[in-house]
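Working notes, structure below.
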Amino acid sequence: MTTTRRRVGIAGAVVGAASAGVAAAALAKRYAVGRIRLRPDPEASEPLGELRGRQVTVTTSDGVSLHAEVDGPDDSPLTVVLCHGYTLNLDSWHYQRRDLRDVHRLVLWDQRSHGRSARTSAEDSTIDRLGEDLFEVVTELVPGPCVLVGHSMGGMTIMALADRHPELFGEKVKGVALISTSAGKLAEVSLGMPALLSKAVHKVTPGTVSLLGRRGALVDKGRHAANDVFFLVLRHLGFGDSKSVSPTVVDFVESMIRSTPFEVIANFYPALMSHDKLSALGVLDDVPTSIVVGDRDWLTPVDHSKAIAAALPRARFTEVPDSSHLVQLERPGAVNDALRDLLKRVAADLQE
């Protein structure tokens, strides 16, 4: 009896200590997040995600309803089409929309299964299909010449369009901006880890993502419950200067990612890892091109943008200091300057 009581007592002590440890970790996490949020935040009053344009729906050839918005002056001679990245939505272009909408006609759209666009199957979650979606968006919503701007997966979408419809480039597509993206070999990215560890992570990740994708609803519940943890992780990994990045911006990005179902994340993951459009880049050499990347980008590292630049010798390359993968939100001024420079070059070509 005494032995049994002793075991129960020990077990109770272990459970109690573990519970106390979990509670202490949760308290420390909340304290850390709370301190960050109390710091002065110049972006606190920025209406992130609140800018709206004329809402339209583009129905694709395979029956998927894509949400899009048209903004800016309709009489502008040039349309800027903004293609967002993986797990984000069209609101990720907030600062670009804010600063360009007074002068240029803008088309922003949610890629299939993202934002307010309809969900699709895993079989139709491919980069080539996204390229075809972009073709249909441009065909329906762009009456004249345009410039295509893509971030991350959005840049890959533009490359897929170039691969499938090269005749558009130089005729309708007059310029391209590729921001924090890659032409291929993402499965070889080190993710900032030592080579052996990175190799091991890449080996197990596809199966893990696929398994979790089949339990997407359960994973999503966990994601919603762990938003403070994700805030801290995103702040450190998604931005180049975690100490100065706005908590409001981090919250904004976190809400976009969290609103993307994990099943969608799992469906697109294989397409991103197998993406290879280096051979299609030559099509872009026919138009003015801008390449922008953060110097601390660990998802689509600087070397990937440099590889694109090597294939496009006439492109202008901008490496933004102290910034990571979400450079258009972290350093919007530098990105917008590069876009304005591109638009000036395109406008000059149109006047010739």
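Look at SER279 and say whether it is closer than 20 Å to SER324 by Cβ, in contact (Cβ under 8 Å) with a residue 12 or more places away in the chain and more than 17 Å from the chain's Cα centre (by Cα). Answer is no for this residue.
Residue-wise test of (1) modelled with pLDDT of 85 or more; (2) among the β-branched types (Val, Ile, Thr); (3) more than 26 Å from the chain's Cα centre (by Cα).
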position: VAL56; (1), (2), (3): yes, yes, no
position: SER61; (1), (2), (3): yes, no, no
position: VAL64; (1), (2), (3): yes, yes, no
position: VAL70; (1), (2), (3): yes, yes, no
position: ASP74; (1), (2), (3): yes, no, yes
position: PRO77; (1), (2), (3): yes, no, yes
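In the stretch 153-189, what residues are crowded, with 24+ Cβ neighbours inside 10 Å, assigned to a loop (DSSP other than H, G, I, E, B) and at pLDDT 95 or above? SER180, THR181, listed by residue number. For beta carbons closer than 7 Å, sequence separation of 6+ or different chains, a first residue in the stretch 59-70 that is in contact (Cβ under 8 Å) with a residue 24 or more places away in the chain and a second that is basic (Lys, Arg) and not in a strand (DSSP E or B), the qualifying pairs are VAL64/ARG112; LEU66/ARG112; HIS67/ARG116; GLU69/ARG52. Applying the selection to the stretch 256-282, what residues are in contact with a strand residue (DSSP E or B) (Cβ under 7 Å, 6 or more places away or on another chain) and surrounded by 22 or more Cβ atoms within 10 Å (Cβ to Cβ)? Within the stretch 256-282, HIS275, LYS277 meet the criteria.
The single condition from (1) assigned to a loop (DSSP other than H, G, I, E, B); (2) among the hydroxyl-bearing types (Ser, Thr, Tyr); (3) touching a strand residue (DSSP E or B) at 6+ places or on another chain (Cβ under 6 Å) that SER290 fails is (1).
Among the candidates GLY150, GLY115, GLY131, the residue that is assigned to a helix (DSSP H, G or I) and either within 19 Å of the chain's Cα centre (by Cα) or buried (at least 22 other Cβ atoms within 10 Å of the Cβ) (or both) is uniquely GLY131. Exactly one residue among LEU100, LEU161, LEU141, LEU108 is closer than 19 Å to ALA177 by Cβ and under 16 Å from the mean Cα position of the chain (by Cα), and that residue is LEU108.
None of THR300, THR289 is buried (at least 20 other Cβ atoms within 10 Å of the Cβ) and in contact with a Leu (Cβ under 6 Å, 6 or more places away or on another chain) except THR289. The set of residues in the stretch 96-112 that are basic (Lys, Arg), part of a loop (DSSP other than H, G, I, E, B) and in contact with a Gly (Cβ under 8 Å, 6 or more places away or on another chain) contains only ARG101. Test VAL142 against the criterion of being surrounded by fewer than 24 Cβ atoms within 10 Å (Cβ to Cβ), under 15 Å from TRP109 (Cβ atoms) and of a type in the set (Val, Ile, Thr), and give yes or no. In short, yes. Against the conditions (1) modelled with pLDDT of 95 or more; (2) touching a Pro at 6+ places or on another chain (Cβ under 9 Å), ALA122 satisfies every one except (1).
The values are calculated or read from the model by the stated rules, or taken from the named source; none is laboratory data. Model, not experiment: these values are computed from the prediction. Quick reminder, even Gly has a Cβ in these numbers, built from the backbone with ideal geometry, and neighbours come from all protein chains shown.
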